[in-house]
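The values are calculated or read from the model by the stated rules, or taken from the named source; none is laboratory data. Everything quoted here is computed from the prediction, not taken from an experiment. Here Cβ is always computed from backbone atoms with ideal geometry, including for glycine, and neighbour counts include all displayed protein chains. Note: accessible area is taken over every heavy atom of the protein model, side chains too, but ligands, DNA and RNA are not part of it. Shrake-Rupley method; radii C 1.70, N 1.55, O 1.52, S 1.80 Å.
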Amino acid sequence: MRYYLNLRLQNSSRKPNMRDLIYLENYFAVSHALMLLRLINMGVISEAEAEQMKAGVISAAIRLGYSPALYRDTADDQGRVIYSNYAELAEELLEAGQITYGKYEELLLEGGYGEILFGDGEENADSDAGNL
């Protein structure tokens, strides 16, 4: 992430703006909220700066020629495909004792993996079918 951010900022000392965020979000195919969180965690922007960048992302993306699909919720029947090892890395940190279970839950929720914690109903349906 830092490498692509430096390329985008041309190694200058300026802070990333909304155009930079939208570019990176589309490059990495991640949500605006996740990008803001990542930049805060990297120390690139402050929480106050992130708060200022939360509004108007869809209109800015459209204005810059990007599809707004990344910024809209998908319909429940469309499903979701995530190509990432984010949840796997969080689990490895938990198993290694480097984070608490509470932090593990927080990471999964922030990363959009709530179904891992709360289930989607399919696991219970599968196990119930075997008991019939």
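Determine the share of the range 1-57's accessible area contributed by carbon and sulfur atoms, expressed in whole percent, with a 1.4 angstrom probe. With neighbouring chains kept in place, the figure for the range 1-57 is 50 percent. With all pairs of separate Cα atoms included, the range 1-79 yields a Kirkwood hydrodynamic radius of 13.2 Å.
A simple spin-label model places pseudo-atoms 7 Å from Cα toward Cβ; at Arg63 and Tyr27 they are separated by 2.1 nm. In plain terms, the chain from Asn41 to Phe118 could stretch by 25.2 nm, reckoned as 0.36 nm per residue minus the Cα-Cα distance. Extension gain, Gln10 to Glu49, is 12.0 nm, computed as 0.36 nm per intervening residue step minus the present C-alpha separation. A simple spin-label model places pseudo-atoms 7 Å from Cα toward Cβ; at Thr100 and Glu88 they are separated by 2.8 nm.
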